[in-house]
Ligand SMILES: [Zn+2]
C-alpha cells in the first residue's frame, strides 16, 4: 500500500513547514545590561524622595531577532565609561553612572557585530539611550519625524548630545509619523508616545511564548511614576506626556500586554540576560 506520491507530498509538506518555522516562531528578545544611573534624589522626575526609595535606574539595550533580521532597541550609556567604575555626572551633583560590559561585547556573545544589525530604533535621544548609536550607522534607523527634526544642526534639542549619535545622520533612515509595524506582521510595533522628547517611542512585541510585552522607553522611569502619573520636570511637553500615558495605558488594557518599565532595576534583576532570550 505504499504510495510514492503520498510520501513525496508528505516530504514536501514537512519541508514547507520547516521553511516557514523561522517566520512563524515570532520575535526573540535579548535583554542586555548597558549600565546603570544612580541618583541622589528623584525630584527631577516629578516625585518626592518619599514617594519612592529607588535611586538606581537600570539602563537596558535590547536586541530583537525576527524573520531573519535583527533590530537594536536602545543603545545604552556612552561606551567611553565602560569599565571606568563610578563616573560622576557633573551636571547632577551626587549622581553617577556605571557600565561594566559594553554592548559590543554582549552582542558578540550572541554572535553579532554592530555592522550586522539590520535596524536600529531608540525610544528617544537622551544620553542614556544612545551611547553606542554611532556604531549602527550601517543599520536602517527608525525615527519619528519630530525627534529627527531636533536631532541635528542648529535646531538640536539642548538636552541632546549629538556627538553620541552624529553618525546616524547619514544612516539609511525611515522617518515615521506615528506608530509603525516594523515587520508588517504586527509582532514588533513602534508606538509613538511623545512628551518626554518630541518623538519619544515605546515598543510593543507579540511573542510566541512570552506573549505581548510593551517596553516603556522613558514614558515612566519608576513604578511610582506610573502610579502617580508623574511627569519629569525635564520632559519636553507635559501635556503630550500625559496624553501618551493615556494612549499606552489604553493599549495595555486592550492588548493585555505586560509592561516593562525599562529603567526599573528591581524588574531588571529578575530578567534573563543575553545570551539567554525571551521568545
Ligand atoms: Zn532614560
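Read-outs throughout are calculated quantities, based only on the coordinates presented, and are distinct from any laboratory measurement. Note that the structure is predicted; figures quoted are calculated from it, not measured. A quick note on method: Cβ atoms are made from the backbone with ideal geometry, for glycine too, and the neighbour counts reach across all protein chains shown.
Note on region 138-193: Rg/Rh from C-alpha atoms, Kirkwood Rh, equals 1.01.
Per the Cα gyration tensor, region 31-170 maps to an equivalent ellipsoid with semi-axes of 26, 19, 14 Å, ordered largest to smallest. Rounded to the nearest 5, the antiparallel percentage of DSSP beta bridges internal to the chain is 70%. The order of the peptides 242-250, 128-136, 90-98 by mean Cβ neighbours within 10 Å, most packed first, is 128-136, 242-250, 90-98. Computed from the alpha carbon positions, the gyration tensor of region 195-250 leads to an equivalent ellipsoid with semi-axes of 22, 12, 9 Å, biggest first. With equal scatterers on the alpha carbons only and no solvent term, can you work out the Debye log10 of I(q)/I(0) for region 93-143 at 0.30 1/Å? Calculated log10 I(q)/I(0) at the listed q: -1.27. Across all directions, the average flat footprint of the convex hull enclosing the Cα atoms of the chain is 17.2 nm².
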